[in-house]
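The values are calculated or read from the model by the stated rules, or taken from the named source; none is laboratory data. Remember, it's a predicted structure, so these values are computed and weren't measured experimentally. Ideal geometry is used to build each Cβ from the backbone, glycine not excepted, and the neighbour counts take in all protein chains shown. Surface accessibility is based on the protein's heavy atoms, side chains included, excluding ligands, DNA and RNA. Shrake-Rupley method; radii C 1.70, N 1.55, O 1.52, S 1.80 Å.
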Amino acid sequence: MNLTTLELIRQREIQSPEPMGSYAASDVVFLLKDISHVDLEKGTGEREQAIQSGVHYSEMLPVEYQPTAEYIELFHQTLEQSAARIARHTAIVAEKIVERRGLDLVLVSLARAGTPVGILIKRYIELKYKVTIPHYSISIIRGKGMDENAILYILQQHGLETAIQFVDGWTGKGAIRKVLKQSCDRIEQTYGVRMDDDLAVLADPGQCSGTFGTREDYLIPSACLNSTVSGLVSRTVLRNDLIGPADFHGAKWYREWSSADVSTQYVDTIAQHFPQMMDLAEIRTEDNATGTSEITWKGWQDIESIQQSFGIANINLIKPGIGETTRVLLRRVPWKILVDRLDNPDLQHIMMLARDRNVPVEVYPGLTYSCCGIIQSLGGGGE
């Protein structure tokens, strides 16, 4: 890197991060502007109409779903049952990252589903290798890209040669993976800094990531809830009247939900299993034997097949995988839910939410994913 590139980045004025969210600062630093004072929430129907009429989803927020006692109980049961499995997949991802990138790196999780996963990877590496890895959580928005100011701030703090590892929770059809690549290309074109656009995830059912814990589409319990399992932070917001040229993308800090916050409990419960995951000989053998790290975009092919089967004009109305289907049920207007089979134990919360909302559930044979949510078309576009 030449001096002009370094100076260009150093001279870029960027607001310093402010305290954000309920996680400990030792777990993550959110590079987000706190816009908690702004009324941005829209009801599900109003928001759906706006999105399909052309308003970008990042210009407003859904009303945070407040789950029933039965649903919360299901979340805790699921966490207890799956904590060891998630810890194992975290260990697999963390070891792949260390093997490929070394220990001189910065973890950058994509808010908000990536945040708890980034915290878990950071904690695992610290436990196993006795090294403190910086971890930031930043915004990435489909149709608008990654928060450039957040990336430049990280480069200002850690230097141009620092390896950045991007982290998310899971993959759906791979749309964010594509946005990440486009954003990294744009930063290289603008500043001459090349970043590896590899996206590390716990689960990669879409087969669009090379660094993953599993390609099985199973329930990651953090998908069940919204801000109360993500540090009380909202989805990210990008609107010209709220976000200035020196600002990070915005988000709200829902302090009012602190009594229901399980964010730290969630990562603590999983991290308790890390000591049993330290001997990774079996993990590496299993991973090497499968030879399944190839990026095939199989998930995207499945979605195109569903689009044709149901005559869906806009592919963005199809949200594959357990995590994305949960989001459809929590904050969109669902048309129907497709499942691989009705007795899949990972779909209990999907069935509960579909029942509560009178959304039909249909078996779709040969589905790569465990399930797929289809949003009701209102005759316009879609997120």
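Just one of (1) on the phi < 0 side of the Ramachandran plot; (2) without any contact (Cβ under 8 Å) to a residue 60 or more places away in the chain fails for residue 317. It is (2).
If only one of 263, 293, 258 is among the hydroxyl-bearing types (Ser, Thr, Tyr), modelled with pLDDT under 90 and touching a Ser or Thr at 6+ places or on another chain (Cβ under 9 Å), which one is it?
Values: 263 fails: modelled with pLDDT under 90; 258 fails: modelled with pLDDT under 90.
293 is the lone residue from the list that is among the hydroxyl-bearing types (Ser, Thr, Tyr), modelled with pLDDT under 90 and touching a Ser or Thr at 6+ places or on another chain (Cβ under 9 Å).
Give the residue, chosen from 44, 4, that is surrounded by 14 or more Cβ atoms within 10 Å (Cβ to Cβ) and either modelled with pLDDT under 90 or not small (Gly, Ala, Ser) (or both). Spell out the reasoning first.
On the way: 4 fails: surrounded by 14 or more Cβ atoms within 10 Å (Cβ to Cβ).
Only one candidate qualifies: 44.
Does residue 348 count as open to solvent by 60 Å² or more (accessible area, probe 1.4 Å), under 29 Å from residue 42 (Cα atoms), touching a residue at least 12 places away in the same chain (Cβ under 8 Å) and touching a Lys or Arg at 6+ places or on another chain (Cβ under 9 Å)? Taking the combined requirement at face value, the residue does not satisfy it.
Taking the stretch 306-324 on its own, how many of its residues are exposed (fewer than 14 other Cβ atoms within 10 Å of the Cβ) and either of a type in the set (A, V, I, L, M) or at pLDDT below 90 (or both)?
Going through the stretch 306-324, the residues exposed (fewer than 14 other Cβ atoms within 10 Å of the Cβ) turn out to be 308-309, 311, 313.
Going one step further and asking which of them are either of a type in the set (A, V, I, L, M) or at pLDDT below 90 (or both), we end up with 313.
Residues that pass the stated criteria total 1.
Residues in the stretch 364-378 that are under 14 Å from residue 312 (Cα atoms), in contact with an Asp or Glu (Cβ under 8 Å, 6 or more places away or on another chain) and open to solvent by 40 Å² or more (accessible area, probe 1.4 Å): 376, 378.
For residue 86, the requirement of being more than 30 Å from residue 244 (Cα to Cα) and open to solvent by less than 10 Å² (accessible area, probe 1.4 Å) is met.
Scanning the stretch 340-354 for residues that are within 21 Å of residue 65 (Cβ to Cβ) and either of a type outside the set (D, E, K, R) or modelled with pLDDT of 95 or more (or both) yields 347, 348, 349, 350, 351, 352, 353, 354.
Identify the residue in the stretch 93-110 that is among the β-branched types (Val, Ile, Thr) and open to solvent by less than 10 Å² (accessible area, probe 1.4 Å) and, among all such residues, is farthest from residue 202 (Cα to Cα). Break it down stepwise before answering.
Of the stretch 93-110, the ones among the β-branched types (Val, Ile, Thr) are 93, 97-98, 106, 108.
Imposing the further condition that a residue be open to solvent by less than 10 Å² (accessible area, probe 1.4 Å) reduces the set to 93, 97, 106, 108.
Values: 93: 7, 97: 12, 106: 18, 108: 15 Å.
It comes out as 106.
Of all residues in the stretch 117-142, those that are of a type in the set (Asp, Glu) have Cβ atoms under 9 Å from Cβ atoms of residues that are surrounded by fewer than 23 Cβ atoms within 10 Å (Cβ to Cβ), 6 or more apart or on another chain, in 126/132; 126/133.
Would you check if there is a residue in the stretch 356-367 being part of a helix (DSSP H, G or I), among the hydrophobic types (A, V, I, L, M, F, W, C) and touching a strand residue (DSSP E or B) at 6+ places or on another chain (Cβ under 7 Å)?
To start, the set of residues in the stretch 356-367 that are part of a helix (DSSP H, G or I) comprises 356.
Cutting the leftovers down to among the hydrophobic types (A, V, I, L, M, F, W, C) gives us none.
There is no residue in the stretch 356-367 that is part of a helix (DSSP H, G or I), among the hydrophobic types (A, V, I, L, M, F, W, C) and touching a strand residue (DSSP E or B) at 6+ places or on another chain (Cβ under 7 Å).
Determine, yes or no, whether residue 15 is open to solvent by 60 Å² or more (accessible area, probe 1.4 Å), in contact with a Phe, Trp or Tyr (Cβ under 8 Å, 6 or more places away or on another chain) and closer than 22 Å to residue 231 by Cα.
Answer is yes for this residue.
Specify the residue that is farthest from residue 110 (Cα to Cα); the eligible residues are those in the stretch 269-281 that are among the aliphatic types (A, V, I, L, M) and surrounded by fewer than 16 Cβ atoms within 10 Å (Cβ to Cβ). If we take residues in the stretch 269-281 being among the aliphatic types (A, V, I, L, M) and surrounded by fewer than 16 Cβ atoms within 10 Å (Cβ to Cβ), then 281 is farthest from residue 110 (Cα to Cα). Report yes if residue 55 is surrounded by 15 or more Cβ atoms within 10 Å (Cβ to Cβ), in a loop (DSSP other than H, G, I, E, B) and free of Cβ contacts under 8 Å to residues at least 40 places away in the same chain, otherwise no. Against the criterion (surrounded by 15 or more Cβ atoms within 10 Å (Cβ to Cβ), in a loop (DSSP other than H, G, I, E, B) and free of Cβ contacts under 8 Å to residues at least 40 places away in the same chain), residue 55 qualifies.
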